[in-house]
Structure formats: C-alpha cells, structure tokens
Amino acid sequence: MAEVTASARTGTLAGGAKARKTRTLWSDAWQQFRKHKMALTGVTTLTIIVVACVFGPLVYTKNPQELNVLRGMEGPSMSAPMGYDDLGHDMLARVLDGGRKSLLVGLMAVIVSITVGTLIGAMSGFFGKWVDSILMRITDLFLALPQLPLLLLISYLYVNRLKQIFGVENGILILIVCVIGFLNWMSVARLVRASFLSLKEKEFVEAARCIGATTPSLIFKHILPNVLSPVIVAATLGVGAAIISESSLSFLGLGFPPDVPTWGSMLSVGKDQLPFAPHIAVFPGLMIFLVVLSINYIGDGLRDALDPRSRV
Amino acid sequence: MGTYIIRRLLTAIPTLVIISMIIFSILKLAPGDPMSQFAANPSVPPEVRENIRRQLGLDDPIPVQYVKWATSWVKGDWGFSFSSRSPVRDLVGGRIGTTIFVMGLAFVLGLLIALPIGILAAVKQYSVFDQVATTVAFFGFSIPTFFSGLLAILLFSIKLGWLPFIYESNTAHAGLLGLVERFKFAALPVMVLGLFQAAGLMRYTRASMLENIKLDYVRTARAKGINERKVIIGHVVRNAFIPVITIIALQLPGLFGGAIITEQIFRVPGIGSLLITSLGASDTPVVMSIVFIISILVVLSNLIADVIYGILDPRIKYS
C-alpha cells in the first residue's frame, strides 16, 4: 500500500511544483511522529537509557561484581548514586551492566520472533491453499499454548544443557532469547499473512510477475516492503514485552541467576530486602518501567505515523 | 448455533491433545532423569534401580509413555508428587481454591474499573477526565505486576502498615470476621492484578466505543430524539461491547500467567506458587498437571470467546 501511495505522490510532483522537497514515506512518517509529544519523550528517555547502559560503564568505572560487604544495603549517596545491594555491590554499576543484558535480550528476542513471524506469515499468505491452512493451524496451536508456564518449564529443563555448551551467561541468554522469540511470533504471522493475502492480488504484483520476477523476489522485494509499517510497530512493542518476559523469568528465579545482574534478577534479589533496603528493588524496577513505558509510547506514535489512513 | 458450538468443541479436543503431546515431549526430551535421586543414593543397588525403572515404565518408548499418562490423566489419576509423596490431585485441589478466589476477585475488580471508565472516557473524548484516564491506563499496563506489587507492598504494608503482605489461607477467626480477614489478605494481590487487567481492558473499551460512536446508526438514534444516555447505553455500548467481551474472555489465561507472578510476590499458596516450587524440586508429575490444567483453561477461554462472539453478533456466519 505504501509503495502505491509513494509512487502516486511522485507522480503528482513530476507534473506540478518541482521546487518542493521530495516527500517520501519516511519523511511523512517523521512529520506525523513529531506531533506525538509522548512518543518523542519516549524516544528521548529510551535513548538516554540505552546510551547510559552501553557507554555508561566507560565513564562510571566501578566494577559491578566488586564486593563492599561493609557497605551492604547502604542507601544512595554521593559516591554511589543508587546505593549498594545486600552484598555490597554498587547498584548503579549493576543497573548499567544489567541493562545491557536486559535490552539485548529484548532486542534479540524480537529479531527472532519477527523473523519467524514474517516468514511464516509471508509464506502462508503468498502460497495460500494447503501451505496456508497448515501454517495457520500451527499458528493457532501456538496461540493456544500457555505462555508463561511453558516459558518457565523450558527455561528450567534445558538451562543446564545450554550452560554446558555455551557457558553460564551465554547459555542462559541464548535459551531465554529463543524461548521468548519462538513463543511470540504468532501475532506478527497473522498480521503479515493478512496483508499478503490482499497485496498479492494487486496490480503491481501482477506487473512484477509479468517482467519475470521470481517468487522470492516477489515476496521479499515487492510485497514485503509494503507490509513493513505494521511489522515495525509490532516489533517496537515486542521489545517491551520481551523485556518484561525476561524480567518475569529472572524474578521467578528461572532466568538469569542473582549473580548475573539483569534488571529482573536484581529485582528478585531486592524483593527479599524490601523492608530494609527498598532501593535495591526500586531502581531496577524503575528502569524496566521507564523502558517499557517509553517503548509503548513510541509504538503508539509509530502506529499513528505509519498508518496512511491517519494522515488524511 | 448449536451445531457451531459442538463443532467448535470438537476442534478444541485435538488442540488439547496436541498441546499435551508438546508439553509431554518437552518434559521427556529434557536432559535429566526422574530417577536421578535414586542414582545418587548409594544404598540402592543398580539392579534394583533398573527394576524400578522397568516397573515405572521409564524405558518404554515416549509415545507409549504418553498414551499411558494421557489415559490415566483423563481418568483422574494424576500420579504422585515426587517431593511430598501425596497424590497430585489432592495437592492441586488444595491449592486451586485460593487461586480462583484471588483471581476471581481481581477479575471482577478489573471489570468494575475498566468498563465504566472506558465508556465515560470515550463519551467525553479529549476531556480532562479522558486524558487522565488514558494516561493512567497507559502507565498501568506498562508497569509489570512484579514491580507494581513490590511498590504496593512498600507503600501499603511497610510505610503505612495498613495491609498484610504475606497471604495466609488459615484465618484466625471463624465466620464473618474470618471472611473479612480473608479479604484483607487478598487485598494487595487483588489490587495489583485487578488494576493491571483494568488498564488494558479500559483502552480496549474506549477504542471500541469511539469506533462505534461516530457511526451512522448513532446519528440516526440521536436524530430520532432518543436522549443521550439511552443512545450511549442502549445503542453504542451494546455494539461496542461485542469485541470487548471477546477480549475479556481471551484475557482469562493471561490472568493465570499473572497469578504465577503475584502469588510469588505475596506468597499466596495457590497453584502458581505450587508450580514454581515443584519446578525447583523437579517434581515432574505436579508440573505436568499444572501446565496442562492451565492449557485447558487457555483453550476453554478461546472457545468461550468464540461462542460469545457468535451469540452477540448475529452477523457472524457459522458455516
């Protein structure tokens, strides 16, 4: 759909005012996105947090694994802006380090789920017939699976095997990313399938077929770019959901262990110290909340910006 | 309609069978042996261990094991818990009441908050009320329950000292006083879970109302001189609630997912916390049964959502 409107626009431009700046889908989307104040705030907040987590440890050089047992549970102070946890780890250093892992898990899980979802949805919608009915049956089946219990079950059962192969941290990371990714592709698949079903009958596909486009090129070069907008929105919101899933797992003690800091595992440590040192739980929890809130607002803004109907 | 429900029920059964197969094979293909406790015990000679294995059918091929498990599960024999040596059915049965009590209250609270606020926010779109309600809802569903739960404990139990944060199923008093006590214990988990549910549902309600409010039939109703209250309640709400009720049914399984987390935070002795402790103790029979019960609930909720949709919306064709 986007391709059609874009070419229509260039058409009118060629005939009319040449001096005007070329409008692309993306510049239009940006114009629209800028009007959404909360989404912009979200982008700012998220950028600050991401930059802090990625580059922060270069500036704030305290070792997140260093123990200061004597200062354990000490509240925020000038030398340690977020205080110390129960074992005397510096909280800020851990929040930054844990943030890297939490954000990485969120991002990678979404890459998995979007890839799987797009492939299944595209094949289902493009080929139709028995391919469609088999793939959609599988999608329905996955939708009927109990998400959280299964997530817990698989992480618990398979974590040791993966730890042996990839080492403790990477093993858990790969496991969590795969489990979250492979349990969350269904909505994307349905979305992509629905768009493919209507797009494959359009004239531009017929035209592409006439000039001899191969099936993969039809799917990926011609139809897929038109499905991008809803997929981008789904991916954005998916990152937030994946971060929550990872945190829930670690919170329940089935994700990252307490000695590998992520926001979820820090929260899990903090919940036991809540009456004595609330800051241990509050800071990582606040980070999760801020990131998820920003992502949800960005997703909201993107939905408005990328939906051509809302631009009329 | 009747045949539609029957056909829908019939498709739910193979779904459940396949799901149970998936869960069963995940458990079976996992590394680790249910007999590892015995293996570590030096007083059990290897021959005896082999005998036990054969008696328990652990050497059978997985499909055979599955059929055995499935048939006895359907008959109501859910096996024995490894760690507490009591029947799984008694364990789950003793816990599920608490879960349903807390979840049910949370669900009702969520509906009571979400539906009126959602309707009102849509009717007064862009008003201060609408803006506050949508912003609060947006914050509400961005805050994961494990964090809002901790914040609630921090505020209501530790700072203010109003409510207990550790759930106790045995109340000290009998009768009415005991009931009050039960509600007090349930207050925090119900509030946290109920508000989280309400946040998402309120957004759906508002969106669905807004979609309907601008349609032609509403203008017609107004043009006929029906007063605004009747237009909203009698016409708009009736149509707007068709998708909302479906969403409510579809949210039920999510409530069980939320239960696992809230039960852990507030130490509610329900099936969610039983699942976590059983996972930690490698108590396969209990884990298997709980995960499968939750699967049944998920499939059942989907079924209910479809059927309600069919009843409420006569435009749906059943063929």
*Within the stretch A:150-164, identify whether any single residue is within 30 Å of A:PRO64 (Cα to Cα), surrounded by 22 or more Cβ atoms within 10 Å (Cβ to Cβ), aliphatic (A, V, I, L, M) and at pLDDT 90 or above, and answer yes or no.*
no
*Filter the stretch B:131-165 for residues that are more than 8 Å from chain A (Cβ to nearest Cβ) and within 19 Å of the chain's Cα centre (by Cα); which is surrounded by the fewest Cβ atoms within 10 Å (Cβ to Cβ)?*
B:GLY140
*Under the condition of being loosely packed, with under 14 Cβ neighbours inside 10 Å and either modelled with pLDDT of 70 or more or touching a Lys or Arg at 6+ places or on another chain (Cβ under 6 Å) (or both), which residue from the stretch B:29-42 is nearest to the other protein chains (Cβ to nearest Cβ)?*
B:PRO31
_One residue from A:LEU224, A:LEU286, A:LEU290 being at pLDDT 85 or above, within 15 Å of B:LEU150 (Cα to Cα), surrounded by fewer than 20 Cβ atoms within 10 Å (Cβ to Cβ) and out of contact with any Phe, Trp or Tyr (no Cβ under 6 Å at 6 or more places or on another chain)_ = A:LEU286
_Please verify whether B:ILE260 is surrounded by fewer than 23 Cβ atoms within 10 Å (Cβ to Cβ) and closer than 30 Å to B:LEU150 by Cα, treating the condition exactly as stated._
no
*Out of the stretch B:259-268, which residues are modelled with pLDDT of 85 or more and either under 21 Å from B:SER86 (Cα atoms) or of a type in the set (Asp, Glu) (or both)?*
B:GLU263
*Would you tally the residues in the stretch A:257-289 being in contact (Cβ under 8 Å) with a residue 60 or more places away in the chain and facing another protein chain (nearest Cβ under 9 Å)?*
4
*asked:* I need the helices (runs of 4 or more DSSP H) fully contained in the stretch A:127-238, keeping only those with at least 2 residues that are more than 14 Å from every other protein chain (Cβ to nearest Cβ).
replied: A:129-143, A:168-182, A:186-199, A:203-210
_Qualifying positions in the stretch B:80-138 - in contact with an Asp or Glu (Cβ under 8 Å, 6 or more places away or on another chain) and β-branched (Val, Ile, Thr)_ = B:THR99, B:VAL102
*Mind telling me which of the residues B:ARG315, B:ARG267 ends up being in contact with a Phe, Trp or Tyr (Cβ under 7 Å, 6 or more places away or on another chain) and of a type outside the set (Ser, Thr, Tyr)?*
B:ARG267
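The values are calculated or read from the model by the stated rules, or taken from the named source; none is laboratory data. Note that the coordinates shown come from a computational prediction; the quantities given were computed from them, not determined experimentally. Here Cβ is always computed from backbone atoms with ideal geometry, including for glycine, and neighbour counts include all displayed protein chains.
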